[in-house]
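The values are calculated or read from the model by the stated rules, or taken from the named source; none is laboratory data. Quick caveat: nothing in here was measured; it's all calculated off a predicted structure. Cβ atoms come from the backbone with ideal geometry, glycine included; neighbour counts cover every protein chain shown.
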Amino acid sequence: MPDAKPIYVLNGPNLNLLGTREPDIYGHATLADIEKACADRAGQLGRGIVFRQSNVEGELVDWLQEARDKGCAVILNAGAYTHTSVALHDAIKAIGVPVIETHLSNPAAREEFRHVSLVGKAAKGVIAGFGAASYLLAVEAAALLARDQESPAA
Ligand code: CA2
């Protein structure tokens with residue numbers, strides 16, 4: 001698939017700190033470890049990835065909009081913005097590219113304020129609770145969705 005569009009993997013606030021604190025909740029992998037694992041898995045599936053992290057809500061909105069033309073699917077771990085961001089919700093609705101809400105932990109099993117997901121109300125689906133493996137499951141889902149979109153009869 002030489003012209004295959006990449007999977008965007010977008011990460012929100014504080015995920016740059018992965019591997020340094022709270023390993024009981026988020027595991028020992030760093031974000032760089034997760035990027036490498038995603039790139040390897042996507043490569044096996046014939047895809048590239050664009051992997052980014054920002055602590056700035058508007059930057060995540062900009063990248064979602066960029067993925068509208070340049071990406072085949074988006075894996076979005078919006079961090080705490082998951083639970084608060086109408087802007088991310090609206091951007092997901094606007095772009096028409098499938099977005100997979102992804103989490104290391106299972107927010108439904110944590111504090112009540114994490115039980116609401118504005119991202120999830122706009123996303124295609126959700127993968128949560130499997131640690132770094134959540135991202136690899138999301139890469140699989142993204143590749144399947146992209147394949148179905150590019151050749152619906154396959
Ligand atoms: O489980 C997830 O992936 C979350 O998106 C992580 C967010 C949290 O607000 C969501 O409810 C669930 C927090 C990311 C913060 O990551 C840290 C990593 C290391 C040390 C401190 C924070």
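Taking the condition of being of a type in the set (Ser, Thr, Tyr), surrounded by 22 or more Cβ atoms within 10 Å (Cβ to Cβ) and over 12 Å from the mean Cα position of the chain (by Cα), how many residues in region 82-99 meet it?
Qualifying residue count, region 82-99: 0.
Condition check ((1) buried (at least 18 other Cβ atoms within 10 Å of the Cβ); (2) in contact with a strand residue (DSSP E or B) (Cβ under 9 Å, 6 or more places away or on another chain)) across all residues:
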{"position": "101", "(1), (2)": "yes, yes"}
{"position": "108", "(1), (2)": "no, yes"}
{"position": "111", "(1), (2)": "no, no"}
{"position": "120", "(1), (2)": "yes, yes"}
{"position": "124", "(1), (2)": "no, yes"}
{"position": "128", "(1), (2)": "yes, yes"}
{"position": "132", "(1), (2)": "yes, no"}
{"position": "137", "(1), (2)": "no, yes"}
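Looking at 67, 123, 138, which one is within 19 Å of residue 3 (Cα to Cα) and not acidic (Asp, Glu)?
The match here is 67.
Within region 1-15, which residues are at pLDDT 95 or above and either within 29 Å of residue 144 (Cβ to Cβ) or among the basic types (Lys, Arg) (or both)?
If the condition is that a residue be at pLDDT 95 or above and either within 29 Å of residue 144 (Cβ to Cβ) or among the basic types (Lys, Arg) (or both), then 5, 6, 7, 8, 9, 10, 11, 12, 13, 15 are the ones that fit.
Could you tell me whether any residue of region 81-88 is within 11 Å of the ligand (Cβ to nearest atom), in a loop (DSSP other than H, G, I, E, B) and of a type in the set (S, T, N, Q)?
Looking for residues that are within 11 Å of the ligand (Cβ to nearest atom), in a loop (DSSP other than H, G, I, E, B) and of a type in the set (S, T, N, Q), one finds at least one in region 81-88, hence yes.
For a quick check of your reading of the model, give me the residue pairs whose first member lies in region 63-80 and is buried (at least 21 other Cβ atoms within 10 Å of the Cβ), whose second is of a type in the set (Phe, Trp, Tyr), with beta-carbon atoms closer than 6 Å and at least 6 apart or on different chains.
The qualifying pairs are 67/8; 71/8; 74/8.
This table checks each residue for (1) over 14 Å from the mean Cα position of the chain (by Cα); (2) assigned to a loop (DSSP other than H, G, I, E, B); (3) of a type in the set (Lys, Arg).
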| site | (1), (2), (3) |
| --- | --- |
| 102 | no, no, no |
| 105 | no, yes, no |
| 108 | yes, no, no |
| 131 | no, yes, no |
| 137 | no, no, no |
| 142 | no, no, no |
| 149 | yes, no, no |
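For (1) touching an Asp or Glu at 6+ places or on another chain (Cβ under 9 Å); (2) acidic (Asp, Glu); (3) within 26 Å of residue 89 (Cα to Cα), each residue gets a yes or a no:
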{"position": "20", "(1), (2), (3)": "no, no, no"}
{"position": "27", "(1), (2), (3)": "no, no, no"}
{"position": "30", "(1), (2), (3)": "no, no, no"}
{"position": "43", "(1), (2), (3)": "no, no, no"}
{"position": "48", "(1), (2), (3)": "no, no, yes"}
{"position": "61", "(1), (2), (3)": "yes, no, yes"}
{"position": "65", "(1), (2), (3)": "no, no, yes"}
{"position": "68", "(1), (2), (3)": "no, no, yes"}
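Just checking, how many residues over region 100-150 are touching a Pro at 6+ places or on another chain (Cβ under 6 Å) and either of a type in the set (Asp, Glu) or near the ligand (Cβ under 10 Å from one of its atoms) (or both)?
Summing the residues that are touching a Pro at 6+ places or on another chain (Cβ under 6 Å) and either of a type in the set (Asp, Glu) or near the ligand (Cβ under 10 Å from one of its atoms) (or both) in region 100-150 gives 1.
Name the single residue, out of those in region 12-27 being in contact (Cβ under 8 Å) with a residue 24 or more places away in the chain, within 6 Å of the ligand (Cβ to nearest atom) and in a helix (DSSP H, G or I), that is nearest to the chain's Cα centre (by Cα).
15
Per-residue answers, yes or no, for (1) among the aromatic types (Phe, Trp, Tyr); (2) over 24 Å from residue 30 (Cα atoms):
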residue	(1), (2)
44	no, no
75	no, no
81	yes, no
102	no, no
128	no, no
133	no, no
144	no, yes
148	no, yes
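Being of a type outside the set (Lys, Arg), part of a helix (DSSP H, G or I) and closer than 16 Å to residue 142 by Cβ, is that true of even one residue in region 68-75?
Taking every residue of region 68-75 in turn, none turns out to be of a type outside the set (Lys, Arg), part of a helix (DSSP H, G or I) and closer than 16 Å to residue 142 by Cβ.
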